[in-house]
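This report refers to the structure that appears directly beneath it.
The values are calculated or read from the model by the stated rules, or taken from the named source; none is laboratory data. Just so we're clear, the structure is a prediction, and the values are computed from it rather than from any experiment. When we count neighbours, we look across all protein chains shown, and the Cβ atoms used for this are built from the backbone with ideal geometry, even at glycine. Ligands, DNA and RNA are stripped out before the accessible areas are found, and what is left, the full protein with its side chains, is counted by its heavy atoms. Shrake-Rupley method; radii C 1.70, N 1.55, O 1.52, S 1.80 Å.
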Amino acid sequence: MNKKIPNFIFTNQFGLLCLVLIFIVIFSTVTDGFTSRFNIFALSRVIAIDIMIGLAMMVVILTGGLNLALGAIGVCAAMFGGWCMEVLEIPIIPSIFLMLGMGSFLGWINGFITVKTGVHSFIVTLATMSIYFGFMTMLTEAEAFRRLPELFTDFGSAKLFNKYISPLLLVSVATCFVLFYVFRFTDIGRKLIAAGANPEAAELSGISVNTMFIYCHILSGFLGALAAILLTTRIGAAIPSMAGQLGMDWLLPAFLAPVIGGTLLSGGKLSVFGTMLGAVLVTLLTNGLYLLDVGEFWIRFFLGIILLLAVLLDRTREYFTLKNVIVS
Amino acid sequence: MATLFKKDWFGLLIVVIVSGLAIAAVKPAFLSHFNLYVLMVSTSYMLIIALAQMIIIAIGQMNLSVGAIGGLVAISFSGLMEVHQISVPVAVLIGLVIGMMCGFLNGYITAKSGISAFIITLATLYIFKGINLGITEAEPFYNIPETVKNFGNAKLGNTPIPFLIVIPIIITFLMWVFMNRTETGRHMLAYGNSVQSAELIGISSSKVVITAHVISGFLAATAGILVVCRLQLGTPNIGDSWLLPSFAAPVIGGAILAGGKVDVIATALGVLIVVIISQALVIFKIDPFFVQIFLGVMILLAVLVNRYREYKQEALRKIFNSE
Amino acid sequence: MKLLFSIVTSAAVVLSGGAFAGSSDTKVALVPGGPHPYFAAWEKAGQDAVKDFGLGKADYKVPAEWDLSQQNELIESLVGKGYNAVLVFPGDAVGTNKILGELDDAGIPTAALAGCVEQPTKAKMCFGTDTGHSAYLGTKQLIDAMGGKGKIAHFTGFLVDPNTTLRIKAVEKAVEESGGDVEIIQVIADIDAYEPADEKINAFMAAQGGEVDGIVTTAWVPAVVAAQALTNMGDKRIKMVGIDHDEVVLAAIKAGFVHGTMLQNPYGQGYIGSYAMDKIRGGCTFKADAPWKSTAQTDQFIDSGTVFVDITDVDNYVDAMRGISLEILKTFEGDFLDC
């Protein structure tokens, strides 16, 4: 009986990998241009950013909560960084640290309010989303920072591996490995998962669930800022509208990747590589749909359907796993 | 009189009256005929949007697709009239049916799959918006029949009261009756309060959830149609700005997001407060960016206040129970 | 509207007499910043350019939202599909430069239409309305109509639109030149969408309607909403100058509620832009000493024309724009290109 469950989990990521490969084959043969250098490079950048956004949301979903303010945090970090680099002329590396710090700070606020008031993180982040975004717009007067250091912006257009892959992708994949290690092999990682899986039991075994949840929110803010850094190098400027109105444009990729990847919305179970593959799959599908002339306007529709199917599938899988457990 | 004070909405009513008078003192034009008309027009569809979210909050869930449903119905309504020459009443009917079907989809999947309504409605938000964009290709429908346009502009006689607000007022009244006096309404509140207790009493979860979502979809559709009447065209981005206000108003009106406690009248007053604030920001030439911050802070405050009251109620209950 | 556009086309065909035969493997993508009625004319312009110049394709492709990332992704996928010339309304004056540079690396000529990117840029040209100048002229017209003094309000478009800041500054400049007789009492920006425009403009009219003497609108949607508001209020005291050619605005001009409108030339931009891209692909280059204009953003600006239209010529507005488009086309190659 125990053999069934590991296989099942294995199936999720493995299944995703198969899907990814299948779609790559389909799109390569059916469309022209999918395998062109230009296209693959462009894809590598979008995937890099979507992976990061997905990871940022994943760590909050772990707590059974949500971080609607993710986009807003990202934009705030980016604009703060732009201000540091352009106006204060702080060099790139310290600016990056400052941006990550800003993201972590805003994430901490979310976590703190959620934990101290007991209000669900949905409503807390719904409120902070508008507060963060509003302050950012007010302080910057919606003006972008367009004269960022060249070294910084060049990173976004740099091409590796014979011009096929963007270094942004390497950053994201490296982050995946780091997170995987943390959650699988470190003490703090296991505590975070335990706190999300069963808060009462965790509390009883001496884990301070509140602190763990705050850590998750901080990490989410940190990763969100990292995603924003990648996006800023890609665009070459720090623009207030980079994540849409109130940062809401990030919400779909933020949820799609982890959910498709096997992270449970109820908390307590995550999959780093699942999230990575989820982001890859979604980006591939979107790109393929564009290339197949599906019509740019129907892309949203398909993404919504994919999300729906992903959660329903997730649910069915959960149901069957449970059934197996009980039956055996 | 004492009972009046205790009512949730009494405090809000005071806030509305006081802020209205305060603004009028500084800017007398605030109470002018035309301005009251403008305020009532904004309130008209805001009211329905808030109620559409409120009923879902009542059952302890959230409906992110309110705006998307509104937008889809808005373009369907205008598109049917422009492209297929369908008469106004039939187009309205079809629009409302579309709204109910969207709501049914939300409710059915939520009820049957047990997945959180948040993620389901996030997905359907994209689905409905996607259909909207796919059909319109982001271009609005301009040719709205004269009768519809007139409806959007007309007033009741010489008063500043717009035709547009009549329907929302009727709907608010009906919602009040529904939530407070009908069995289904009370079942919804019970379900929102505690799913297990409700099921133990024999309330059907699916029925409650599906009914609530269908009503929510119906209301979102109504709001979409009213907005078309008001704007005199059907544009695909109707509904894009509904998310925040749809939560702000019920929450300000005392709703608890965990479910089980909503107040129709308080929600209506919450809408008034949101509308007055939005207008005040334009009148006082406050940085428009400030609106975002303001709404966010209001939601947070309202939630904290509600939480505090909840907490006190819990404490009181514990004291009473232990005696 | 459709009839009028076909008149323009036929006139263009007759006048061009096939002198502008192009290459049939030129595939142009016309990409706006997002959905907006202003760009609708680009679609017909592209189709006509294909017919008149023998291009392979000139397709109008709209990003589903006003979002730079979405525009970038759309452009990237269009290139993947084989489009080899891109005309774009920049999603951001600098942010779009990145992708234009990458397209240039891939050998794809690009140009900015209706809105410019900041220099340095790889775009071959910026072909659009001199929006600053247009806003300036419009404001001057308004001040004239108001009798030289009074209080005005300015309603304008998205803050992410590179033109918006130019317009705000231009209106301020025109007002400054009145030497204190005219005052701007409010600027409402970011309302180039119907719901927020309706809410804010009506709130403004209700609250400050009594104090304002003139309104200048420098974006399509606020122009429509403001024109509608004045018509509904039956107000002829407040003078208004609008922008673009929405039917509501034109009707309001005829009825006397709106003083006039500043026309832009979206059709000409798409039509001549496609033509230019084809020429570049055919080996032509832009002359260094071409009669470029300079704006705040770029030194490679070509004016697609703007014209003030009031009640006297509102019925012939299409003629006015047609005239300008054809003028530009006739001398374009000679003035700007080295073939």
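Quick look at the values:
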{"quantity": "Scan of segment A:289-311 for residues that are open to solvent by less than 50 Å² (accessible area, probe 1.4 Å), more than 7 Å from chain B (Cβ to nearest Cβ) and of a type in the set (A, V, I, L, M, F, W, C), ordered by number", "calculated": "A:LEU289, A:LEU291, A:VAL294, A:ILE299, A:ILE306, A:ALA310"}
{"quantity": "Some residue of segment A:268-284 being within 8 Å of chain B (Cβ to nearest Cβ) and charged (D, E, K, R)", "calculated": "no"}
{"quantity": "Filter pass, C:ALA226 being closer than 18 Å to B:SER42 by Cα and open to solvent by less than 10 Å² (accessible area, probe 1.4 Å)", "calculated": "yes"}
{"quantity": "Checking A:PHE255 against (1) facing chain B (nearest Cβ under 9 Å); (2) open to solvent by less than 10 Å² (accessible area, probe 1.4 Å); (3) more than 13 Å from the chain's Cα centre (by Cα), the condition it does not meet", "calculated": "(3)"}
{"quantity": "Residue check for B:SER113: of a type outside the set (A, V, I, L, M, F, W, C) and within 14 Å of the chain's Cα centre (by Cα)", "calculated": "no"}
{"quantity": "Residues satisfying the stated conditions in segment C:55-94, i.e. assigned to a loop (DSSP other than H, G, I, E, B) and either within 19 Å of A:ASP293 (Cβ to Cβ) or among the polar types (S, T, N, Q) (or both)", "calculated": "C:LEU55, C:GLY56, C:LYS61, C:VAL62, C:PRO63, C:ALA64, C:GLY82, C:TYR83, C:ASN84"}
{"quantity": "Scan of segment C:301-313 for residues that are hydroxyl-bearing (Ser, Thr, Tyr) and in contact (Cβ under 8 Å) with a residue 40 or more places away in the chain, ordered by number", "calculated": "C:SER304, C:THR306"}
{"quantity": "Among the candidates C:LYS57, C:LYS124, residue that is closer than 19 Å to C:ASP25 by Cβ, of a type in the set (Lys, Arg) and without any contact (Cβ under 8 Å) to a residue 60 or more places away in the chain", "calculated": "C:LYS57"}
{"quantity": "Within segment B:1-92, helices (runs of 4 or more DSSP H) holding 2 or more residues that are touching a strand residue (DSSP E or B) at 6+ places or on another chain (Cβ under 6 Å)", "calculated": "B:33-58, B:66-83"}
{"quantity": "Conditions (1) part of a helix (DSSP H, G or I); (2) within 18 Å of C:LEU113 (Cβ to Cβ); (3) among the aliphatic types (A, V, I, L, M); (4) modelled with pLDDT under 90: number failed by C:ALA290", "calculated": "(1)"}
{"quantity": "Yes/no for A:VAL115 being more than 20 Å from A:ARG45 (Cα to Cα), open to solvent by less than 40 Å² (accessible area, probe 1.4 Å) and touching a Lys or Arg at 6+ places or on another chain (Cβ under 8 Å)", "calculated": "no"}
{"quantity": "Verdict on A:VAL119 being within 11 Å of chain B (Cβ to nearest Cβ) and not in a helix (DSSP H, G or I)", "calculated": "yes"}
{"quantity": "Exclusive hit being under 16 Å from A:ILE61 (Cβ atoms) and away from every other protein chain (no Cβ under 14 Å), set A:PHE213, A:PHE177", "calculated": "A:PHE213"}
{"quantity": "Selection count, segment B:242-286, where residues are over 16 Å from B:THR43 (Cβ atoms), among the aliphatic types (A, V, I, L, M) and more than 14 Å from every other protein chain (Cβ to nearest Cβ)", "calculated": "1"}
{"quantity": "Single residue of segment B:211-229 satisfying the filter (in contact with a Ser or Thr (Cβ under 8 Å, 6 or more places away or on another chain) and of a type in the set (Val, Ile, Thr)) that is nearest to B:SER113 (Cα to Cα)", "calculated": "B:THR211"}
{"quantity": "Residues of segment C:80-94 that turn out to be at the interface with chain A (Cβ under 8 Å from one of its Cβ atoms) and either open to solvent by 10 Å² or more (accessible area, probe 1.4 Å) or among the small types (Gly, Ala, Ser) (or both), as a count", "calculated": "5"}
{"quantity": "Residue under evaluation B:GLU139, criteria (1) more than 30 Å from A:TRP250 (Cβ to Cβ); (2) open to solvent by 30 Å² or more (accessible area, probe 1.4 Å); (3) not basic (Lys, Arg), criterion not met", "calculated": "(1)"}
{"quantity": "Residue among A:LEU151, A:LEU168, A:LEU192 that alone is exposed (fewer than 14 other Cβ atoms within 10 Å of the Cβ), in contact (Cβ under 8 Å) with a residue 40 or more places away in the chain and either part of a helix (DSSP H, G or I) or not small (Gly, Ala, Ser) (or both)", "calculated": "A:LEU151"}
{"quantity": "Residues satisfying the stated conditions in segment A:154-182, i.e. more than 22 Å from the chain's Cα centre (by Cα), over 12 Å from A:ALA42 (Cβ atoms) and not acidic (Asp, Glu)", "calculated": "A:ALA158, A:LEU160, A:PHE161, A:ASN162"}
{"quantity": "Residue count, segment B:89-137 (criterion: within 12 Å of chain A (Cβ to nearest Cβ) and aliphatic (A, V, I, L, M))", "calculated": "13"}
{"quantity": "Within segment C:255-270, tally of residues that are touching a helix residue (DSSP H, G or I) at 6+ places or on another chain (Cβ under 6 Å), open to solvent by 10 Å² or more (accessible area, probe 1.4 Å) and not hydrophobic (A, V, I, L, M, F, W, C)", "calculated": "2"}
{"quantity": "Listing of helices (runs of 4 or more DSSP H) fully contained in segment C:95-191 that carry 1 or more residues being away from chain A (no Cβ under 13 Å) and over 20 Å from A:ARG234 (Cα atoms)", "calculated": "C:131-145, C:162-176"}
{"quantity": "Cβ pairs under 6 Å, 6+ apart, first in segment B:157-176 and more than 16 Å from B:VAL264 (Cβ to Cβ), second at pLDDT below 85 and crowded, with 17+ Cβ neighbours inside 10 Å", "calculated": "B:PHE163/B:PHE151"}
{"quantity": "Residues within segment C:24-37 that are open to solvent by 10 Å² or more (accessible area, probe 1.4 Å) and either under 21 Å from C:LEU329 (Cβ atoms) or away from chain B (no Cβ under 14 Å) (or both), tallied", "calculated": "3"}
{"quantity": "Residue check, B:PHE173 open to solvent by 60 Å² or more (accessible area, probe 1.4 Å), touching a strand residue (DSSP E or B) at 6+ places or on another chain (Cβ under 8 Å) and within 17 Å of B:MET46 (Cα to Cα)", "calculated": "no"}
{"quantity": "Criterion (of a type outside the set (A, V, I, L, M, F, W, C), free of Cβ contacts under 8 Å to residues at least 12 places away in the same chain and open to solvent by less than 10 Å² (accessible area, probe 1.4 Å)) met by exactly one of C:SER69, C:SER77", "calculated": "C:SER77"}
{"quantity": "Per-region count, segment C:314-332, residues free of Cβ contacts under 8 Å to residues at least 60 places away in the same chain, surrounded by 15 or more Cβ atoms within 10 Å (Cβ to Cβ) and not aliphatic (A, V, I, L, M)", "calculated": "1"}
{"quantity": "Qualifying positions in segment B:248-288 - open to solvent by 10 Å² or more (accessible area, probe 1.4 Å), more than 30 Å from A:THR140 (Cβ to Cβ) and in contact with a Ser or Thr (Cβ under 7 Å, 6 or more places away or on another chain)", "calculated": "B:ALA268, B:LEU272"}
